[in-house]
Amino acid sequence: MDFLTADDATIRNVVTEAITPTATSVTVSEDMRLSLCTVIARLRASGWYYEGANEQTMATEALTRMPAGRFFIRDSTHLGHLFTMDLQTGRIGESRIISVRFTYVDGMFGLDMMPRHAGARCVPKFRCPIDLVEYYIRMCRIQVARQEPMYPIWADQYGKFFSWLNLIRPMVKVTAEEFPSLKHMTRLIINRHNQLITMASSTQPNQLIEYLLQYPYSL
């Protein structure tokens with residue numbers, strides 16, 4: 001469902017700039033372009049996607065004061081990638097905050113793992129970065145429950161793993177203008193209990209159903 005409304009032009013301009021030939025070698029079809037428009041709209045609705053240099057700088061500074069496992073998504077500064085996730089590791093020193101790029105190939109997003117690692121060819125792929133984040137949060141919870149160590153997700157320039165994935169909760173914007181609305185927070189609660197709440201389309205207003213479908217995530 002194409003749910004883009006008043007901000008369509010802005011979103012399409014962002015997508016066009018992000019996927020120009022100088023920014024990425026991926027060939028983008030019109031379907032992929034529309035899909036990216038939906039991705040950006042959903043990221044903006046999340047409350048933990050930070051755009052623009054000033055906003056990203058403030059978010060990075062705020063993340064340094066957060067507990068381990070907090071993260072947010074921002075525009076990537078690398079020309080070959082669209083988005084990057086900044087993660088608070090809880091460690092001391094330069095590795096306290098790490099950045100993980102998202103790849104974008106054939107309309108699918110994945111974690112940017114170095115090709116020297118054989119498992120990089122098997123990295124799960126998703127149509128939206130939020131799907132990707134939700135997947136890895138579930139994996140982290142499973143590993144914590146089993147008391148297993150987090151697995152390494154990418155390698156340094158020498159081909160040695162240097163970080164572990166530990167995602168717990170996104171760092172949501174807290175300003176009065178950008179803090180998630182009560183309407184959106186109610187949607188998150190419904191999404192978190194989607195197996196317990198039955199939303200019959202025949203008994204619910206179309207506007208409500210469309211609103212839930214616009215952001216089908218629990219984060």
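The values are calculated or read from the model by the stated rules, or taken from the named source; none is laboratory data. Predicted model only: the values in this text are computed from it and were never measured. With ideal geometry, Cβ positions are generated from the backbone for all residues, glycine too; neighbour counts draw on all protein chains shown. Heads up: the accessible areas ignore ligands, DNA and RNA and are worked out on the full protein's heavy atoms, side chains in. Shrake-Rupley method; radii C 1.70, N 1.55, O 1.52, S 1.80 Å.
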Cβ pairs under 9 Å, 6+ apart, first in segment 167-189 and closer than 19 Å to Ile98 by Cα, second among the aromatic types (Phe, Trp, Tyr) and open to solvent by 60 Å² or more (accessible area, probe 1.4 Å): Val172/Phe179
Condition first: of a type outside the set (Ser, Thr, Tyr), in contact with a helix residue (DSSP H, G or I) (Cβ under 8 Å, 6 or more places away or on another chain) and either open to solvent by less than 20 Å² (accessible area, probe 1.4 Å) or more than 27 Å from Leu213 (Cβ to Cβ) (or both). Now tell me which residues in segment 39-55 satisfy that. Val39, Ile40, Ala41, Leu43, Gly47
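If a residue has to be part of a loop (DSSP other than H, G, I, E, B) and within 18 Å of Arg169 (Cα to Cα) to count, how many in segment 61-105 make the cut? Working first, answer last.
Within segment 61-105, the first condition is being part of a loop (DSSP other than H, G, I, E, B), and the residues that meet it are 64-69, 76-82, 89-93.
Those still in the list that are within 18 Å of Arg169 (Cα to Cα) too: 64-69, 89-91.
Going through segment 61-105 one residue at a time, the tally reaches 9.
Going by what's in this entry, would Met58 be described as open to solvent by 40 Å² or more (accessible area, probe 1.4 Å), modelled with pLDDT of 90 or more and assigned to a loop (DSSP other than H, G, I, E, B)?
It is false that Met58 is open to solvent by 40 Å² or more (accessible area, probe 1.4 Å), modelled with pLDDT of 90 or more and assigned to a loop (DSSP other than H, G, I, E, B).
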Counting only residues that are closer than 19 Å to Asp112 by Cα and of a type outside the set (Lys, Arg), segment 55-76 contains a total of 6
So, Thr175, is that one at pLDDT 70 or above, in a loop (DSSP other than H, G, I, E, B), β-branched (Val, Ile, Thr) and surrounded by fewer than 16 Cβ atoms within 10 Å (Cβ to Cβ) or not? yes
For residues in segment 99-113 being in contact (Cβ under 8 Å) with a residue 40 or more places away in the chain and aliphatic (A, V, I, L, M), which is farthest from Pro124 (Cα to Cα)? Val100
Please go through (1) at pLDDT 85 or above; (2) open to solvent by 10 Å² or more (accessible area, probe 1.4 Å); (3) of a type outside the set (D, E, K, R); (4) under 20 Å from Met66 (Cβ atoms) for Gly93 and return the number of the only condition it doesn't satisfy. (1)
If I ask for residues that are modelled with pLDDT under 75 and in a strand (DSSP E or B), which ones from segment 131-172 would you list? Pro152, Ala155, Phe161, Trp164
Return the residues of segment 4-55 that are of a type in the set (S, T, N, Q), closer than 30 Å to Thr186 by Cα and at pLDDT 50 or above; say none if nothing qualifies. Ser35, Thr38, Ser46, Asn54
Hits in segment 61-90 (condition: more than 22 Å from Val39 (Cβ to Cβ) and of a type in the set (Val, Ile, Thr)): Thr64, Thr89
